[in-house]
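None of the figures in this text is laboratory data; all of them are computed from the coordinates on show. Because the structure is predicted, anything quoted here is derived from the model rather than measured. Quick reminder, even Gly has a Cβ in these numbers, built from the backbone with ideal geometry, and neighbours come from all protein chains shown.
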Amino acid sequence: MHLWDPPFCGDLDIRIARDGTWFYLGTPIGRPELVRLFASILKREGDAYFLVTPVEKVAIRVDDAPFVAVDFEPTGQGREQLLTFETNLGELVQAGPEHPLRFIRDPDSGEPSPYVMVRAGLEALIDRKSFYRLVELGVHEEHEGERWFGLWTDGAFFPIIPSAELEAAG
C-alpha cells in the first residue's frame, strides 16, 4: 500500500485529533471498524497525510500523530529489554531499530512528547500514563559522547534527556 501513488483527488474533511479520535465533517466517527479501515489505507508524504487506494489519493488532516500508543508491555531487562506498544486501534508494535522511539521536547515548557513509529512514517503519540511507566524503566547510558537518560528496546538505546539536565532539574 505504501508504494501506491495514484492521482491526487483533493481534500476530504477527515481529521485525526491528538487523542486519536477520527472526525468526518466535524463529527466523531463512531464505528471502530471504519476507523481501522481508514487507518489501513493511511499514508504519509512529508508532512501531509492521505487516504490512498489503487485509484485515488485524498488529503486528510492530522493534529499530531495518526495513532496513540495507549499501553505497552516490557519484557526482559537492560539491553535485552523489549517494549511492545498497543495503539488505540489495537495494533501491536515492538519498538526498536525498525520502529524507533522519538522524544520531542516543547521549547518553552520542556515537556516531552514521546512517539513510537508504527509503520511507513506513521507514528503513535505515547499517552501520558504509558510515558510515566516508561520513565520508570529508564537508565543512564553513554550516547554519542554524552551521558543520557533513556530506554533500551530490541538492542537499541533511545535517549530521552541528557543526564545532566535531569540531575539539575531534580
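The table below gives the values:
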read-out	value
Length gained when the stretch Glu167-Phe8 is fully extended (0.36 nm per residue, less Cα-Cα span)	52.2 nm
Degrees between helix 128-137 axis and first principal axis of the chain (Cα, 0 to 90, nearest 10)	30
Sorted by Cβ density within 10 Å, fewest first, the residues Trp152, Trp4	Trp4, Trp152
Shape of the chain, Cα gyration tensor, a/c cut at 1.5	prolate
Proximal charge balance of Phe8 [Cβ under 14 Å; K/R count +1, D/E count -1]	-2
Choice from Glu144, Glu73, Glu91 showing the highest fluctuation, given a GNM over the chain with Cα pairs closer than 10 Å	Glu144
The chain: relative contact order as a whole-number percent, Cα under 8 Å and 6+ apart	18
Within the chain, helix-based [θ] at 222 nm, where runs of 4 or more DSSP H residues each add -39,500 (n - 2.57), nearest 500	-4000 deg cm²/dmol
Cα gyration tensor, segment 5-106 - rounded (a/c under 1.5), prolate or oblate	prolate
Check: the chain dipole with +1 on Lys, Arg Cβ and -1 on Asp, Glu Cβ, in debye	520
Gap separating the Cα centres of segment 149-170 and segment 119-138, nearest whole Å	14
Selected from Ala69, Phe38, Leu101, residue furthest toward positive end of dipole (the chain; charges at beta carbon)	Phe38
Whole-number percent relative contact order across segment 1-98, with pairs defined as alpha carbons under 8 Å at least 6 apart	26
Dipole-positive endmost among Ile14, Ser130, Ala48 within the chain (Cβ charges, Cα centre)	Ile14
GNM top mover of Phe85, Phe23, Phe158 - the chain, alpha-carbon springs below 10 Å	Phe23
